[in-house]
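As C-alpha cells, the structure follows; a few thoughts come after it.
Bear in mind that the values in this text are calculations on the coordinates, not laboratory data. The structure displayed is predicted, hence computed values, not measured ones. Using ideal geometry, Cβ is built from the backbone for each residue, glycine included, and neighbour counts are taken over all protein chains shown.
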Amino acid sequence: MLTKTAKLRKPRNVLLLFDILAIGLLLLYDKTEVNQTIGAMTAGLIILLYLSNLLLEKISTGDNYIFLIVSMLLSIGVVMNYSIDQYFGFKHILWALVGIVCFYITYFLLKGFNFWDKLMNFYIAVSILLFLATMIFGDSRLGSKNWIQITSSISIQPSEFIKILLIFIIACYYCNEKKFKEIKYSSLILMGIVYIFIGFLFLQRDLGTAVMFLAIFTGIHFIYEEDRKLVWGNVVLALLGVVAGYFLFGHVRKRFNIWLNPYMVGGEQILESLYAISSGGFFGSGIGLGYPKLIPVVNSDFIFAAICEEMGLFTGMGIIILFVFLVYRGFKISLVQPNKFFKILSLGISILFGIQAFLAIGGVVKFIPMTGITLPFVSYGGSSMISSFIALAVLQVGSEDLSYKTEREEQI
C-alpha cells in the first residue's frame, strides 16, 4: 500500500512539470523582453509552490490535496495574467507569495490558540469598523464603493476579509448555541447582524459580494438552525432583496438587461467574452497567442474567458473540475471534523469557494448576470488572493483531527 508521502509525490511532481512547461512556453512566445526581476519571481513562485506542498505534508496531518488543487489553480492564474500583461503577471506572482505567507501565519495561529470560538463580539466589531471605513474612505470603481486606497499603487477591498469574519461569527454562534439560546430572540439577532452586513454592501452597491454573504449564511443557517420558520423567512427575505436590488440600483438593472440581451449598449464586455471562449475551441489558440486584452477588466472579472481562448475549453472545464474537487473535499472535511466550531468553519469556507467560483464563471459564460466577482486564486487581485489563502488555511486546520480539543472543551 502506498504511503501518504508516495501518494502526494506524483501530483506534486506533475504540478512542477506543468509550471515549468507552461511558463517556459509563455516566455518563448512573449513578444517583449523579460527582465531579471520577473524571471526570478517566476522561478521563486515555482520553487515556493513545490516547497510549500512539501512542507505542508510534513507539518499537517490533514487533507494536503486541497493545497495541491489551489496550487494548480494559482499556476494557471499566473500564466494567464502574465500572458495578458507582464505587469499584472508580476503583481499576481507578488500577491501569491504574500498569500502563501498569510496561509502559514493563519494556519499556525489557528492551531496555536483555542479561543477563536469565543471572540464573536470582536469579529462583529472589526467587521462593522471595516464597513464604516469603506463608507467613509472608500473609492467608487465600476459602480461600487468597495475599495480603500492605501498608497498610489496599493488598495484593499475590506469585504474580502469581512466574508471570512462572517463565517467566524456564524460558527461562534452555533458552536455556543446553548449559551446564546438563553438570550431571547438570539437567532433573530444573528440574522439581523447578517442583514446589517448585507445592508452595508447594498449601500456600497457591491451586490455580487452581498449574494456571497447571503449564500454563506443561508447554507449554514439551513443546516444548523432548529427553527425552520426562520430558515424559510430568510429565504423569503433573500428573494425580496434580489427584487429590491433590481428596482433600487440602475447598474443592477443594466446588468440584468445585458444578460437578457448582450447586443444592447453596454454589452460589449460579455460579447467579447463569449467570442473569446468560442474562438479558443477545445484546445485554445496557444499561450500568448490570443487577444484577451479585447475584453474589458479581463485580469480580474473575466479571466476565465481569457483562459478558454488561449488554453481551450478543456482547460476551462479542468478549472471547474478543480473547484468541484476543492468544494467536495471541503464538505467532506466538515462532515468528519469532530470539533463543531471548525466543522462549521469548514462548511462555510467550502460554500464560499463554491459560490464565488459559480458567480465568477457563471457571469463570464452568460449563465447568470455579471456580478464582478473574482475567480479565487486565478483572477488578479491582492485582497482576493490574500483572503482566499487565509480561507484555505482555515480549511486546512479544519481537515486535521481536532477531537482532542473537543474532549478538552467537554472536560472544561
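Of the GluC sites (Glu not before Pro) found in the stretch 143-239, those in coil by DSSP whose Cβ has at most 10 other Cβ atoms within 10 Å are 182, 226. Sequence-distant contacts, meaning Cα pairs under 8 Å at least 6 residues apart, place the relative contact order of the stretch 168-314 at 15 percent. For the stretch 271-315, the list of chymotrypsin sites (Phe, Trp or Tyr not before Pro) that fall in a loop by DSSP and count at most 15 other C-beta atoms within 10 angstrom reads 282, 283. For the stretch 261-366, the set of GluC sites (Glu not before Pro) satisfying both a DSSP loop assignment and a count of at most 13 other C-beta atoms within 10 Å is empty. Considering the stretch 96-153, its Cα convex hull presents a mean projected area of 5.9 nm². The helix-based estimate of mean residue ellipticity at 222 nm for the chain, built from -39,500 (n - 2.57) per DSSP H run of four or more residues and divided by its residue count, is -25000 deg cm²/dmol to the nearest 500. Taking the Kirkwood radius as Rh and the Cα radius of gyration as Rg, the stretch 251-314 has a ratio of Rg/Rh equal to 1.03.
Near the amide H of residue 144, within less than 5 Å, lie no amide hydrogens of residues on another chain or at least 5 residues away, with H placed in the peptide plane.
Here the contact order of the chain, divided by its residue count and restricted to Cα pairs under 8 Å and six or more residues apart, works out to 22 percent. What the Cα atoms of the stretch 305-412 give is an Rg and a Dmax of 16.5, 58 Å. Screening the chain for whole DSSP H helices of 20 Å or more along their axis (Cα) with average Kyte-Doolittle hydropathy at least -1.0 returns 4-29, 36-59, 65-84, 86-112, 120-137, 159-175, 186-203, 207-224, 228-248, 313-336, 340-364, 382-398. For the chain, evaluate the Debye formula with one uniform point scatterer on each Cα (no solvent term) and list log10 I(q)/I(0) at q = 0.06, 0.09, 0.13, 0.14 Å⁻¹, rounded to two decimals. The Cα Debye sum returns log10 ratios of -0.24, -0.56, -1.18, -1.35. Pairwise Cα distances in the stretch 41-162 exceed 23 Å for 50 percent of all pairs. The share of alpha-carbon pairs in the stretch 82-127 lying farther apart than 13 Å comes to 69%. Sorted from longest to shortest, the spans of the Cα atoms of the stretch 205-311 along the three principal axes equal 56, 31, 19 Å.
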